[in-house]
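Trainee: Before I ask anything, let me first share the structure, which is written out below as structure tokens.
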Amino acid sequence: MRGAFDTPEILADFLVSWAIRSPTDQIIDPCCGGGVFLESSARRLLFLGANPSSLGSQLTGVEISSSQAEVSSKRISKSFDVDPAIIPRGFFETLPSLPIETFDAIVGNPPFLRYRHFSERDLAFQFLKESGFKPSKMVNAWVPFLVAAIHLLKPGGRLGMVLPAELFQVGYAAEIREYLLNRFGFLFVVAFTKLVFPEVQQEIVLLMGTKGEGAGLRLIEVKDHTDLVHVPQKRIPQVPIHNSREKWTQFFLTDNQRDAMRRALKHESIRKLAEICSVDVGIVTGENKFFVLDHATSRKLHTEDQLVPCVGRTNHLPGLVFTKRDWEQNKDRGVPSYLLNISPVSGMSPQLREYIAQGESMKIDRQFKCRMREPWYRVPSVWSPHAFLFRQVGEFPRIVVNQAKAVCTDTMHRVQFKNDNDVEAMIPAFHNSLTFSFSEVVGRSYGGGVLELMPTEAEDLPVPAVNLGSSFLDEVDSTARSKSWIDVVDLVDQRVLKDELGFSDSDVDAFRTSWRELAQRRKQRKKLVLEG
């Protein structure tokens with residue numbers, strides 16, 4: 001259930017030591033796996049003076065895998081000579097039979113599974129709805145597990161769980177962030193600067209809380225799990241919450257940095273990207289290697305009227321303006337630069353029919369997105385946007401004007417402006433320290449150090465609403481092509497943030513350090529070569 005990794009004992013011991021305070025505490029792990037947390041809980045109870053013969057009645061575990069449930073049961077029986085209550089069923093199937101607000105401590109590592117891979121999704125979603133949530137198919141399985149765990153915890157009881165860092169970052173976790181702040185008088189989160197589970201590229205945090213009145217949040221970051229021993233000695237101040245649903249990534253910044261960013265949002269010339277344009281995902285082909293062709297392959301198909309100029313990778317966009325000449329240079333270098341856009345009206349050449357047959361022999365027609373279409377080889381939503389927005393980036397997001405009238409795959413987003421006159425104005429102004437700092441807050445990152453912006457997150461970015469004319473776009477584009485991207489940011493910060501909007505040097509320094517520190521934090525998890 002948990003994925004490709006087990007919880008290190010040091011994490012379980014740390015969370016259990018926080019959560020279990022009395023030798024008579026009742027403990028439950030809602031997804032106990034092989035019993036790491038239950039074994040740690042038993043040791044903790046004995047340390048506090050529990051009666052060894054009562055341990056079995058104090059430990060409850062739920063595990064959907066019968067083989068794992070057996071492993072967990074044998075682990076506790078062998079180590080402590082007691083029989084714990086291990087329930088070999090799904091947690092949400094079991095939930096109605098568990099007494100609410102009864103357990104003194106909830107500990108564990110719930111599953112990190114997407115909606116379509118979660119076997120109990122219907123029961124879990126029904127529980128969320130009954131609890132006042134409005135779940136979407138974006139919700140990961142850990143969310144209903146966490147809400148249900150809180151449901152079982154008695155007032156004054158303690159929670160100690162391993163969760164993905166999505167808790168801080170993703171939009172669908174906004175409801176759970178608010179839920180936690182409203183139900184816990186004390187919340188404490190430990191984050192890590194290094195990957196605890198590098199083999200699966202999953203960034204995790206440790207969430208601890210005491211169920212009760214009020215709202216409070218404290219946050220600390222340590223190098224890795226070996227530094228947890230030092231956490232109890234640290235004095236950790238409460239962070240100020242302005243909006244209970246806001247993302248918590250911002251709390252890695254100082255008060256001065258956050259204050260400068262909040263003040264900037266009130267500037268009369270700062271607008272949300274959504275006010276200026278819409279952001280949509282790129283074209284989902286189902287198999288880019290089949291549908292995006294290089295020039296040599298496209299010529300063999302004898303079907304020029306069913307090919308569309310395309311850009312498939314962000315590193316094929318050299319500046320801030322993607323011109324027809326840029327596209328032709330990509331094509332001449334052998335870069336896949338045509339999208340196969342098959343129209344039944346135009347008919348097919350024999351060569352194209354053979355190509356489609358080859359795709360079927362390779363079972364491309366059976367891949368998830370392709371098999372949902374009729375016919376499978378007709379790619380939907382083929383249209384050319386005003387601009388491209390990077391979806392996954394290393395340093396910072398970029399918006400590039402689409403003068404080549406090309407289409408793009410879903411490796412990037414499509415940007416359509418509400419007013420054509422805003423294109424030349426907003427594109428260069430977007431590349432500034434304020435917008436980049438907010439991209440680190442509103443976006444999300446994963447274990448590999450990639451920053452990802454989904455369309456709704458991108459539309460939430462603040463951008464300067466200034467128009468310095470087409471000459472400024474040309475100047476910034478030229479700087480991007482001939483110098484470094486830091487030179488681009490320096491130029492836009494000076495001309496837009498300082499000269500046009502009147503931000504002080506200290507304000508811009510705060511924006512810049514916020515961006516660089518948050519970017520550096522996520523890039524410490526980098527294991528792959530990133531584009532952008």
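The values are calculated or read from the model by the stated rules, or taken from the named source; none is laboratory data. As the structure is a prediction and not an experimental result, all values here were calculated from the model. Reconstructed Cβ throughout: ideal geometry from the backbone, glycine too, with neighbour counts over all protein chains shown.
Here's the yes/no breakdown for (1) among the acidic types (Asp, Glu); (2) over 26 Å from the mean Cα position of the chain (by Cα); (3) modelled with pLDDT of 95 or more; (4) in the same structural domain as SER504 (by TED's automatic domain parsing):
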position	(1), (2), (3), (4)
ALA260	no, no, yes, no
ALA264	no, no, yes, no
HIS267	no, yes, yes, no
ARG271	no, no, yes, no
VAL284	no, no, yes, yes
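Trainee: Sticking with this one: Specify the residue that is farthest from VAL466 (Cα to Cα); the eligible residues are those in the range 399-433 that are touching a residue at least 60 places away in the same chain (Cβ under 8 Å) and part of a helix (DSSP H, G or I).
Mentor: SER433
Trainee: In addition: Among the listed residues ASN402, ASN419, which satisfies the condition of being polar (S, T, N, Q), assigned by TED's automatic domain parsing to the domain that holds GLU457, surrounded by 12 or more Cβ atoms within 10 Å (Cβ to Cβ) and closer than 30 Å to LEU434 by Cβ?
Mentor: ASN402
Trainee: If we scan the range 260-272, do we find a residue that is surrounded by 13 or more Cβ atoms within 10 Å (Cβ to Cβ), charged (D, E, K, R) and farther than 30 Å from VAL189 by Cβ?
Mentor: Looking for residues that are surrounded by 13 or more Cβ atoms within 10 Å (Cβ to Cβ), charged (D, E, K, R) and farther than 30 Å from VAL189 by Cβ, one finds at least one in the range 260-272, hence yes.
Trainee: Would you be able to say whether some residue in the range 385-394 is assigned by TED's automatic domain parsing to the domain that holds THR479, farther than 18 Å from ILE283 by Cα and either at pLDDT 95 or above or of a type outside the set (Val, Ile, Thr) (or both)?
Mentor: Among the residues of the range 385-394, at least one is assigned by TED's automatic domain parsing to the domain that holds THR479, farther than 18 Å from ILE283 by Cα and either at pLDDT 95 or above or of a type outside the set (Val, Ile, Thr) (or both), which makes the answer yes.
Trainee: Quick check on ALA404: is it under 32 Å from the mean Cα position of the chain (by Cα) and among the aliphatic types (A, V, I, L, M)?
Mentor: Taking the combined requirement at face value, the residue satisfies it.
Trainee: Residue under question is GLY171, and the condition is that it be at pLDDT 85 or above and among the small types (Gly, Ala, Ser); does it hold?
Mentor: Judged against the criteria, GLY171 is not a match.
Trainee: A follow-up question, please. Give me the pairs, please: first residue somewhere in the range 467-484 and in the same structural domain as GLU500 (by TED's automatic domain parsing) and modelled with pLDDT under 95, second residue anywhere and part of a helix (DSSP H, G or I) and of a type in the set (D, E, K, R), beta-carbon distance under 7 Å, and either six or more positions apart or on two chains.
Mentor: LEU468/ARG495; SER470/GLU424
Trainee: Also: Mind telling me which of the residues PHE396, PHE388 ends up being over 16 Å from GLN306 (Cβ atoms) and outside any loop (DSSP other than H, G, I, E, B)?
Mentor: Every option except PHE388 fails the conditions.
Trainee: Inside the range 151-165, can you point out the residues that are of a type outside the set (Gly, Ala, Ser) and either outside the structural domain of SER40 (by TED's automatic domain parsing) or touching a strand residue (DSSP E or B) at 6+ places or on another chain (Cβ under 7 Å) (or both)?
Mentor: Of everything in the range 151-165, those that are of a type outside the set (Gly, Ala, Ser) and either outside the structural domain of SER40 (by TED's automatic domain parsing) or touching a strand residue (DSSP E or B) at 6+ places or on another chain (Cβ under 7 Å) (or both) turn out to be LEU152, LEU153, LYS154, PRO155, ARG158, LEU159, MET161, VAL162, LEU163, PRO164.
Trainee: So, of the residues in the range 365-384 that are loosely packed, with under 13 Cβ neighbours inside 10 Å and not in a loop (DSSP other than H, G, I, E, B), which turns out to be modelled with the lowest pLDDT?
Mentor: PHE368
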